[in-house]
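Below is one structure; the comments refer to it alone.
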Amino acid sequence: MLSRLGALLQEAVGAWEPTIDLLEAFVEHWKGITHYYIESTDESTPAKKTDIPWRLKQMLDILVHEERQQAAGEAGPCLEYLLQHKILETLCTLGKAEYPPGMRQQVFQFFSKVLAQVQHPLLHYLNVHRPVQNLLRLGGAPGSLTEKEEVQFTTVLCTKIQQDPALLTYILEGKKTVAQKNASKESTALPGETASIEDKDHPHSKAPDGGPGGAGALSAQLPAETQEPDEGVGENNLITSLVGLCKSKKGRVALKAQENLLLLVSVAPQAAATYLVRSSPCCPAIVKHLCQLYQSLPTFLDPADIAALEGISWRLPSAPSDEGSFPGKEALAAFLGWFDYCDHLVLEAHPVVADALAKAVAEKLFVEILQPQLLHVSEQSVLTSTALLTALLRQLRSPALLGEAVAFLLGSEPWPAAPEDSPRSLCAHLVRHCDHLSDEISIATLRLFEELLQKPHEHIIRSLVLCHLEGRLYAARGSQEPESYEDDLDLEEDPYFTDGPLDAGFQPSARPRPAPATSSDGKTAVTEIVNSFLCLVPEEAKTSAFLEETGYDTYVHDAYTLFQECSSRVGPWGWPLALTPLDPHEPERPFFEGHFLRMLLDRMSRILEQPYSLNLQVTSVLSRLALFPHPLIHEYLLDPYISLAPGCRSLFSVLVRVIGDLMQRIQRVPQFPGKLLLVRKQLMGHIPGEQLDHQTLLQGVVVLEEFCKELAAIAFVKFPPQGPHLHLPPPPEGHV
């Protein structure tokens, strides 16, 4: 009986005490904090050595305990007191005053814990989201002593916004939201609080001027500039605070801030996204930091050093420690990491924010900074900016930012179709850089185009190549298929072969004798094409037979992988599977291959005179082009049997001319076969390198042989004779 009576008394006390004792205790702890400012004269004692942290902890515990006793959706007396007496606004003022020292840290922690642990929705209240905005305004400075607390605070806010994206509007727009939402307050107010977002007439928005422990009691104790919180709550302090924290030297702080900013732009509803773009510093602040990081780079960076930092991620922006050190390495890693973050933001953000951010990057970084450097008279400036732009293209993943990069580099319209036209666009300058007097600039720019060709954007290949091949003006109208391979390669009639007929004692190896077979869809049989490329280089100029690791089958397997990747990338573009038949009655019109193809074919025609590294890059770009599964590209670059219109050339006709030039040069080089094999072994690292006479020519011959094998492999994998499975055709007689 006594135990039952004791239990009843305990329940009665438990039901009565929270409504009376909890509020009294809450008020008592708040008075204890305010009395400290009235009575204390020691301004040097840190806040953590006073009773303020303990009292704030007790107030938090009371709020959490009280909420457990309330029905769902109801605010208890202590929470009502917190709101009515503007306690959060007062704490924000104390944090701004930073008195006692370290008070700002305590305020950040209290705000974070209240918002995280109190389940009652708070951010809709004016007397909560206004001090939240004011507190955000106190942070965001790089190197702040409260960075850890600031990022914890913003993390709590972002978590709340993720749970209810509509909250982002309150945090971003502040007072403007109050005025705009006034008409619809019934739908936005909390249950039982139909006026919770209203202005000063709401009991939670107005505190008694002389109320117990109110802000008025502290006015005389604080510096004049910190007595009242700022009223400019329309500013977007959550964004600026996060961007500032992203610049922190503390890796964990910066990473968490970046994750929070990414979360905000990805969950933003339409209204908030529009506000972010039109009325916030979101995009300008992000791009400004990107441009600042670029400006901090050294004036000159070696393209090899830039390429060595491939794979920098915004989550791991520091430079790999196992890579060689060079001046500006950490600055370069920071820039590439932030660019990767911008790309990720564009990829994940609301489309309105993504488009605006992509345009801002294009305008501020590409146009205002990179373009003048790409067009600069200084070769050093051109080389570094080209290599950096290549690295940026390699990292691009977002369609919106890729579209801006393509428009920046290539423009939105195809080039003029006449060779005498000299467009002044950036792309025209870059193409001319591919044929620059500086081999380094030529190589760097060719790498830029090779990277561009690997991007999933149809305008790239259409603008550079396809728009010039459409109509097949390079093909002769009304001509019949050649009766034999020799008829098709009548060098004396080739307008691009001006060095005379081939020497009778030095012929290309194993010429295919039968006429080219043609499949039912009009395509030349792949075996004939493969053999045409494999037999193009004379036997006396071949050395791969002496080294096992340079066989044709290796190229086939590599080409198959690259072709599958390319086909997957261009699949959505709906390209035709076959050529459009020529109209034999259509009059012939002049053909111009375009500035880009003309540059590549001109470079290819000088393969015997150019440095080895430059030849490798030229053939690499041509191989990338040949991989595209478009019938026009296949015909122009890979069909040896095409009947060309007068004055036109194809890749195969250029190679034939190079072979003719090679035949004449070889005879002037003593001990040519032995020297050629020696150079191949040097290039493959089998023997130490040493300078030889005619070394450029010999290296060019090695590249030429390997390039012909690569083209043969590409042709084979594009149209395998036995279906999709790779069955290598037997090499022609005498070829390994």
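The values are calculated or read from the model by the stated rules, or taken from the named source; none is laboratory data. Computed from a prediction, not measured in an experiment: that's the story for all the values here. FYI the Cβ positions are ideal-geometry reconstructions off the backbone, even for glycines, and counts take in every protein chain you see. Side chains are part of the model used for accessible areas, which takes the heavy atoms of the whole protein and leaves out ligands, DNA and RNA. Shrake-Rupley method; radii C 1.70, N 1.55, O 1.52, S 1.80 Å.
A few points about this structure:
- Positions within the stretch 335-354 being in contact with a strand residue (DSSP E or B) (Cβ under 8 Å, 6 or more places away or on another chain) and surrounded by fewer than 22 Cβ atoms within 10 Å (Cβ to Cβ), in sequence order: D340
- Of the helices (runs of 4 or more DSSP H) entirely within the stretch 371-416, those holding at least 3 residues that are surrounded by 19 or more Cβ atoms within 10 Å (Cβ to Cβ) occupy 379-395, 399-410.
- Some residue of the stretch 56-75 being under 48 Å from the mean Cα position of the chain (by Cα), modelled with pLDDT under 95, loosely packed, with under 11 Cβ neighbours inside 10 Å and over 19 Å from N127 (Cβ atoms): yes
- The residue that is modelled with the lowest pLDDT, among those in the stretch 702-736 that are assigned to a helix (DSSP H, G or I) and charged (D, E, K, R), is K718.
- In the stretch 434-476, residue least open to solvent (accessible area, probe 1.4 Å) [restricted to those that are within 20 Å of C566 (Cα to Cα) and among the basic types (K, R)]: K455
- Residues in the stretch 672-701 that are assigned to a helix (DSSP H, G or I), in contact (Cβ under 8 Å) with a residue 60 or more places away in the chain and either of a type in the set (S, T, N, Q) or open to solvent by 30 Å² or more (accessible area, probe 1.4 Å) (or both): 6 in all.
- Qualifying residue in the stretch 625-635 (condition: part of a loop (DSSP other than H, G, I, E, B), closer than 23 Å to V530 by Cβ and small (G, A, S)): no
- Which numbered condition L332 misses (of (1) over 20 Å from the mean Cα position of the chain (by Cα); (2) surrounded by 20 or more Cβ atoms within 10 Å (Cβ to Cβ); (3) over 23 Å from T240 (Cα atoms)): (1)
One line per residue, one yes/no per condition, for (1) of a type outside the set (V, I, T); (2) at pLDDT 80 or above:
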{"position": "T518", "(1), (2)": "no, no"}
{"position": "I529", "(1), (2)": "no, yes"}
{"position": "L534", "(1), (2)": "yes, yes"}
{"position": "E540", "(1), (2)": "yes, yes"}
{"position": "T550", "(1), (2)": "no, no"}
{"position": "H557", "(1), (2)": "yes, yes"}
{"position": "C566", "(1), (2)": "yes, yes"}
{"position": "L577", "(1), (2)": "yes, yes"}
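- Tally of residues being more than 18 Å from R104 (Cα to Cα), at pLDDT 50 or above and among the acidic types (D, E) across the stretch 12-54: 4
- Of all residue pairs spaced 6 or more apart or on separate chains, those with beta-carbon atoms under 6 Å, a first member in the stretch 300-326 that is in a helix (DSSP H, G or I) and a second member that is surrounded by 12 or more Cβ atoms within 10 Å (Cβ to Cβ) and modelled with pLDDT of 90 or more are P303/A387; P303/A444; I306/A387; I306/A391.
- For the stretch 308-329, filtered to residues that are at pLDDT 85 or above and open to solvent by 50 Å² or more (accessible area, probe 1.4 Å), the residue that is farthest from S248 (Cα to Cα) is P327.
- Of all residues making up the stretch 70-92, the number that are closer than 18 Å to K113 by Cα, part of a loop (DSSP other than H, G, I, E, B) and not charged (D, E, K, R): 2
- Flag for L138 being open to solvent by less than 10 Å² (accessible area, probe 1.4 Å), touching a helix residue (DSSP H, G or I) at 6+ places or on another chain (Cβ under 7 Å) and either modelled with pLDDT under 90 or under 15 Å from L238 (Cα atoms) (or both): no
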